[in-house]
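Colleague: Quick one: structure below, then a few questions.
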Amino acid sequence: MIEAELKARVHSPEAVMRQLDERAEARVEVYQDTYYDDPSGSLGKRDQELRVRTVHGRNGLRTMLTFKDATVDEASGSKPEHETRVTDPQEAHAILQGLGYVPAIAFEKRCRNYDFEARGRQMLATLVRVPEIDGTFLEVETIVDEDDVGAALDDVRAVLAELGIGPEDLTRATYTGAVAAERGYPPTA
């Protein structure tokens, strides 16, 4: 499955939040993300991601192990995504490290998530703040088959437009890249 997603910088977060609050009930969550790579950085060089995410929310903790393959749509950065829930975060980290992966970067995302239906699709809109990065971001995504990515992204663009987000607000910048730059890490290949 492909995570057809667009991300935008939000200039009026309160206005967007009010509109999303009208569509769905918000889930306020904090993500603790740790991205792994092998010591040579080969996953990053192949545009792949391996992540352990622990989500802190009102219903407790949940941890997900995620692998994202290389980008299938250059304009959006949409990628195939494989994800599974794990019951023990420490064991997930230990398994990856035991396989030779090392933490490449770890950071926190403060998220306000909204699940809703639009244009016949299940959508997830997330208002995101990363303490180390200036600004608020909005991600809107839907999960689709690879042959439906273009149409799904058109639907995501329509939802963004309804929220007052235009094409000029879209960004392909990654949180990992922005946090690494803020910390003074060397750029990845």
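Colleague: Using a 10 Å Cβ count of at most 16 others and DSSP loop calls, identify the longest part of the chain lacking such trypsin sites (Lys or Arg not before Pro). Show your work: numbers first, answer last.
Modeller: Numbers: sites that count: Arg46, Arg58, Arg119, Arg172.
Here the longest segment lacking exposed loop sites spans 59-118.
Colleague: Net charge near Leu65, counting Lys/Arg +1 and Asp/Glu -1 over other residues with Cβ under 9 Å of its Cβ?
Modeller: Residues near Leu65 contribute +2 overall.
Colleague: Can you give the local net charge around Thr126? Use residues other than it whose beta-carbon is closer than 11 angstrom to its beta-carbon, Lys and Arg +1, Asp and Glu -1. Walk me through the numbers before you get to the answer.
Modeller: Values: positive: Lys7, Arg27, Lys109, Arg110, Arg112, Arg129; negative: Glu5, Glu29, Asp115, Glu139, Glu141.
Here the count lands on +1.
Colleague: Continuing with the same structure: For a Förster distance of 25 Å, can you work out the FRET efficiency between the beta-carbons of Gln97 and Leu61, rounded to the nearest 0.05?
Modeller: Values: r = 20 Å, r/R0 = 0.81.
Efficiency for this residue pair is about 0.80.
Colleague: If you don't mind, another one. Tell me the mean residue ellipticity at 222 nm calculated for the chain from its helices only (DSSP H runs of n ≥ 4, each -39500 (n - 2.57), averaged over every residue, nearest 500).
Modeller: When only DSSP H runs of four or more count, the value is -7500 deg cm²/dmol.
Colleague: What is the extension gain from Glu108 to Arg9, computed as 0.36 nm multiplied by their sequence separation minus the C-alpha to C-alpha distance, in nm to one decimal?
Modeller: Numbers: separation 99, 0.36 × 99 = 35.64 nm, distance 1.77 nm.
That pair, Glu108 and Arg9, stretches by 33.9 nm at full extension.
Colleague: Here is a further query. By how many nm would the segment from Ala151 to Arg119 lengthen if fully extended, with 0.36 nm per residue of separation less the alpha-carbon distance?
Modeller: Residue separation times 0.36 nm, minus the Cα-Cα distance, leaves 10.5 nm.
Colleague: Nothing charged except the Cβ atoms of Lys and Arg (+1) and of Asp and Glu (-1): what's the magnitude of the dipole of the chain about its Cα centre? Round to the nearest 20 debye.
Modeller: Values: 23 positive and 36 negative charges, 125 e Å.
The calculated dipole for the chain is roughly 600 debye.
Colleague: In the neighborhood of Glu168, defined by Cβ-to-Cβ distances under 14 Å, what is the net charge if each Lys or Arg adds +1 and each Asp or Glu adds -1? List each step's numbers first, then the result.
Modeller: On the way: positive: Lys7, Arg9, Arg157, Arg172; negative: Asp169.
Residues close to Glu168 contribute a combined charge of +3.
Colleague: Remind me, relative contact order of the chain in percent, using alpha carbon pairs under 8 angstrom and six or more residues apart?
Modeller: This gives 30 percent for the chain.
Colleague: Can you tell which of Asn59, Val10, Gly77 lies farthest toward the positive end of the dipole of the stretch 1-109, using +1 and -1 charges on the Cβ of basic and acidic side chains (Lys, Arg; Asp, Glu)?
Modeller: Asn59
Colleague: Right, next: At 0.36 nm per residue, and after removing the present C-alpha to C-alpha distance, how many nm does the segment from Ser40 to Arg172 gain when stretched out fully?
Modeller: The Ser40-Arg172 span can extend by a further 45.1 nm.
Colleague: Checking the a/c ratio against 1.5 first, then a/b against b/c, what shape does the Cα gyration tensor give for the stretch 2-183? Don't jump to the answer; show the numbers that get you there.
Modeller: Numbers: a/c = 1.62, a/b = 1.43, b/c = 1.13.
Prolate, because a/c is 1.5 or more and a/b exceeds b/c.
Every number here is computed from the coordinates shown, using simple stated rules; none is lab data. Small disclaimer: the values here were computed from a predicted structure and weren't measured. When we count neighbours, we look across all protein chains shown, and the Cβ atoms used for this are built from the backbone with ideal geometry, even at glycine.
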